[in-house]
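*Asks:* Can you keep this structure in mind? I'll have questions shortly.
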Amino acid sequence: MGKMNIVQAVQEALRLEMERDGDVVVLGEDVGRDGGVFRVTEGLFERFGPERVIDTPLSEIGIVGAAVGMAAYGIKPVVEIQFMGFIYAGLEQIFSHASRIRSRSRGRFTCPLVVRAPYGIGIKAPELHSESSEAFFCHMPGVKVVVPSTPYNAKGLLTSAIRDPNPVVFLEPARLYRSIKGEVPDGEYSIPLGKASVYQEGVDFTVVAWGTMLHRAADAAEGFDCEIIDLMTLKPFDEETVLGSVKKTGRLVVVHEATMNLGLGAEVAALAAGEAIEYLKGPVIRVAGPEAVVPMARLEDDYMPGVERIKRAYEKVMRY
Amino acid sequence: MPIDTLDRFEVKYLRIIDENGTADPSVMPPLPDALLKNIFEKIVLARTFNQRAMSLQREGRIGTYASFYGQEAAQVGSALAIAEGDWVFPSFRESGVLIALGYPMRRLYSYWAGDERGMQAPPGLNVFPMSVPVGTQAPHGMGAAWAMKYRKEKKASITYFGDGGSSRGDFHEALNLAGVFKVPAIFFCQNNQWAISMPRQRQTAAKTIAQKAIGYGIEGMAVDGNDAVAVYKATTDALDRAKRGEGPTLIEAFTYRLDDHTTSDEASRYRPKEEVEAWRVKEPLIRLRLFMEKKGLWTREYEEGVGKAALDAVDREIEAYEGMAAPEPSDMFRYTYDELTARQKRELKEFGWER
Ligand SMILES: Cc1ncc(C[n+]2csc(CCOP(=O)(O)OP(=O)(O)O)c2C)c(N)n1
Ligand SMILES: [Mg+2]
């Protein structure tokens, strides 16, 4: 056991999986000698060499597309996209190929690939360095989407993602990378994909959140007796845990930083409406980013749902 | 039957002023003194802007900044070849291009401070906002040139990108389209030898980026990117050709990024100091100064005057930028669509952003 941050936790999961399985390779821009722009892959190049920690040209279609081919062949590529805002060129490869090669080949070929990317707003970075477009990937049948929120679950979830036989998009909240520390067990362990965790138990209402917003939602919860669910795997998400909690509390708030329209909050709300409406005492409330292009640094704090905005939602849901 | 040769290619390289400030008369264009002085003065201005940006960043007065130190000849030399009416598609590295074109420096500082109001080009200046996703602007340059051709206007577009950008599919598709439709587009690559920690050789197994033009059937050439006169000439020729309807050109300017990739980077982790020092003596101002001195255009007093004027101008712009009122949160909604959506109107109320 030791305290570490998410950068270290992700790094440790990569190192342990690379030690365990000689087929795991890491590739991306600046991941080798430089150790990645967030230093997540620091030390791996020295430890495993340039054939397993591969510095690539600046070529997102190429990197993601090549990883599909590698994965189908049996290698286990862990791709790093430098920021989520630069993943879009690779979308076609993920959507049109990684997600459906299993379907298209009737199970003959699969794509056990991981695409990691720093994600989300909150580090006052330049344009397109603050995207939270997790919903795009959640919309793709055949792809799993994971967002860790603590060092402990970052390590365990990434371990599972690498071992998973399906393509996994693993989004690491850049704002949390070094801002929180937590206990992380030594050695390998895994946290199953598709399972949420109850971050805090409570009775009055249920809050569903992930990544950075999980911590905001928890900060806003002071003075409320609410149950907070850390979704962790966004696709496929743990409907059972969410429904179980909603049936218990009768109220639901979903918090995410992405713009509200067709964000994952809509899916969670629809699940509650479709499967538990008779338990609901009032409307499901979504707290989300505004309907705007993610702004640069000066307006970033206004864009991100803050503790005040989340509190207002809690107060509102409690009026029912 | 022996193996036939279907075609042969060569990659041309232009250098006019060498590192000692000596011009090769066989390629030296007849440039007016005023233009040479303008190039010199804009380089000093751009460099002054850049130095101040670096210190403002250290002081927390702007955000992450991408320095173009060492690349001023490539940026200013090409920018001064651009005519009114031409369109420019820069990447984030091109603050120097924008300064040479007369883009207000206060807006550049705003931009680098994370204030979107800095992204609006003033009327008459057809400069797209700097592209952050590498290479994605290349097709835009092609498309604007296509529109110019459609309208039968004697204009051209110029798209800037780096050696890293040449690895992106967008770049290749843009060159291919530009060749097929023979549009008046210039693709200007500043090969500054590095893409963050990736050296140029890691981007392509080809000897040059200029030769990529061959595969797309368009003109391509390399130029000494630290020789402002050579860059000016190559860009002017390419723009002229484009405007005569002779099609696109890819220009590769060999230059060097003397600073870290951005203020968030630490280049000493991945590149040898000796390499940086070897390039430092080739930086563009040294040779331009020597060359102009030989022509009687440079004196110490002249440079001091230029430097002082640049500092004053930059200081005035910093003051103007820092004097701006903070952006209102509602600014986020102002340009999302041509008019507010119903949801945005609701959110303005809900977030208390109405004024
Ligand atoms: C599509 C995309 N991928 C990755 C990045 C992150 N990134 C920013 S600059 C850069 C290197 C760019 O190198 P180059 O094209 O040579 O331009 P330079 O920075 O040297 O001016 C990278 C990888 C990005 N901005 N866009
Ligand atoms: Mg470069």
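The values are calculated or read from the model by the stated rules, or taken from the named source; none is laboratory data. Just so it is clear, the model here is predicted, and its values are computed rather than measured. Cβ: placed from backbone, ideal geometry, glycine included. Neighbour counts: every protein chain shown. Please note that ligands, DNA and RNA were not included when accessible areas were found on the heavy atoms of the full protein model with its side chains. Shrake-Rupley method; radii C 1.70, N 1.55, O 1.52, S 1.80 Å.
*Asks:* In Å², nearest 100, what accessible area do chains A and B bury in total when the solvent probe is 1.4 Å?
*Replies:* 3300 Å²
*Asks:* Rounded to the nearest 20 Debye, what is the dipole magnitude of the protein assembly as shown about its Cα centre when Lys and Arg each give +1 and Asp and Glu each give -1 at the C-beta?
*Replies:* So the dipole magnitude of the protein assembly as shown works out to roughly 980 debye.
*Asks:* Further question on the same structure: For segment A:197-317, what is the number of Lys pairs with C-alpha distance below 21 angstrom, counting only pairs 8 or more positions apart or on separate chains?
*Replies:* 7
*Asks:* Which value, in Å³ per residue, describes the convex hull spanned by the Cα atoms of segment B:198-355?
*Replies:* 262 Å³
*Asks:* Please go through segment B:275-329 and write out the trypsin sites (Lys or Arg not before Pro) that DSSP classes as loop and that have at most 16 other C-beta atoms within 10 Å.
*Replies:* Values: sites: B:ARG280, B:LYS282, B:ARG287, B:ARG289, B:LYS294, B:LYS295, B:ARG300, B:LYS308, B:ARG316; in loops: B:LYS282, B:LYS295.
Hits after loop and neighbour filter: B:LYS295.
*Asks:* Of A:LEU271, A:VAL284, A:GLY250, which is farthest on the positive side of the dipole of segment A:244-320, counting Cα position, with +1 on Lys and Arg Cβ, -1 on Asp and Glu Cβ, and the Cα centre as origin?
*Replies:* So the residue we want is A:GLY250.
*Asks:* Most mobile of A:GLY182, A:GLY107, A:GLY156 per a Gaussian network model of chain A (Cα springs, under 10 Å)?
*Replies:* Of A:GLY182, A:GLY107, A:GLY156, the Gaussian network model singles out A:GLY107 as fluctuating most.
*Asks:* With N denoting the number of residues in segment A:197-317, provide Rg(C-alpha) divided by 2.2 N^0.38 Å, to two decimal places.
*Replies:* Values: Rg = 13.5 Å, N = 121, 2.2 N^0.38 = 13.6 Å.
So the Cα radius of gyration is 0.99 times the expected 2.2 N^0.38 Å.
*Asks:* Of A:ILE101, A:ALA125, A:VAL26, which is farthest on the positive side of the dipole of segment A:2-184, counting Cα position, with +1 on Lys and Arg Cβ, -1 on Asp and Glu Cβ, and the Cα centre as origin?
*Replies:* Of the options given, the answer is A:ILE101.
*Asks:* In chain A, how does Rg compare with the Kirkwood Rh, expressed as the Rg/Rh ratio over alpha carbon atoms?
*Replies:* Using Cα coordinates only, the ratio equals 0.97.
*Asks:* Next question, about the same structure. For chain A, which whole-number percentage of the solvent-accessible area (1.4 Å probe, protein heavy atoms only) is attributable to carbon and sulfur atoms?
*Replies:* It is 51 percent, rounded to a whole number.
*Asks:* Quick one: order A:TRP210, B:TRP298 from most to least accessible surface, probe 1.4 Å.
*Replies:* B:TRP298, A:TRP210
*Asks:* Which of the trypsin sites (Lys or Arg not before Pro) across segment B:4-87 are loop residues per DSSP, with 12 or fewer other Cβ within 10 Å?
*Replies:* Those satisfying the criteria are B:ARG8.
*Asks:* With a cap of 14 neighbouring Cβ atoms within 10 Å, and only residues DSSP puts in a loop, list the trypsin sites (Lys or Arg not before Pro) found in segment A:92-174.
*Replies:* Here the sparse-neighbourhood loop sites are A:ARG106, A:ARG108.
*Asks:* GNM, chain B, Cα, under 10 Å: largest mean-square fluctuation among B:ALA46, B:ALA147, B:ALA234?
*Replies:* Its mean-square fluctuation being the largest, the pick is B:ALA147.
*Asks:* Dimensions of chain B along principal axes (Cα, Å, largest first)?
*Replies:* Its Cα atoms span 78, 57, 44 Å along the three principal axes.
*Asks:* Another one. For segment B:1-133, what's the radius of gyration and Dmax over Cα atoms, in angstrom?
*Replies:* 19.0, 71
*Asks:* I would also like to ask the following. Counting Lys and Arg as +1 and Asp and Glu as -1, each charge on the Cβ, what is the dipole of chain A about the Cα centre in debye, to the nearest 20? Let's see the in-between values first.
*Replies:* Working: 35 positive and 43 negative charges, 109 e Å.
Result for chain A is approximately 520 debye, rounded to the nearest 20.
*Asks:* Consider all pairwise Cα distances in segment B:110-169 and report the whole-number % of them above 12 Å.
*Replies:* Tail of the P(r) past 12 Å holds 72 percent of the pairs.
*Asks:* Also, quick follow-up: For segment A:140-252, report the % of Cα-Cα distances exceeding 17 Å.
*Replies:* Result for the distance tail: 55 percent.
*Asks:* What lysines sit close enough to A:LYS181 to cross-link, taking a C-alpha to C-alpha distance under 21 Å and skipping anything fewer than 8 places away on the same chain?
*Replies:* Partners within reach: A:LYS3, A:LYS124, A:LYS155.
*Asks:* With viscosity set to 0.890 mPa s at 25 °C, what whole-number translational diffusion coefficient in µm²/s follows for the protein assembly as shown from Stokes-Einstein and a Kirkwood radius over Cα pairs?
*Replies:* Estimated via Stokes-Einstein, D reaches 91 µm²/s.
*Asks:* If the cut-off is a Cα-Cα distance under 24 Å, which lysines reach B:LYS243, setting aside same-chain residues fewer than 8 apart in sequence?
*Replies:* Within the straight-line cut-off, B:LYS243 pairs with B:LYS12, B:LYS149, B:LYS152, B:LYS154, B:LYS155, B:LYS182, B:LYS212, B:LYS233.
*Asks:* For B:PHE254, A:PHE83, A:PHE205, write out the residues from largest to smallest accessible area, computed with a 1.4 angstrom probe and no ligands counted.
*Replies:* Per-residue accessible area, sorted high to low, gives B:PHE254, A:PHE83, A:PHE205.
*Asks:* Mean projection of the alpha-carbon convex hull of segment B:72-175 over all orientations, in nm²?
*Replies:* Spelled out: convex hull of the Cα atoms, projected over all directions, averaged, 6.6 nm².
*Asks:* Averaged across A:55-66, how many Cβ atoms of other chains sit within 10 Å of each residue's Cβ atom?
*Replies:* 5
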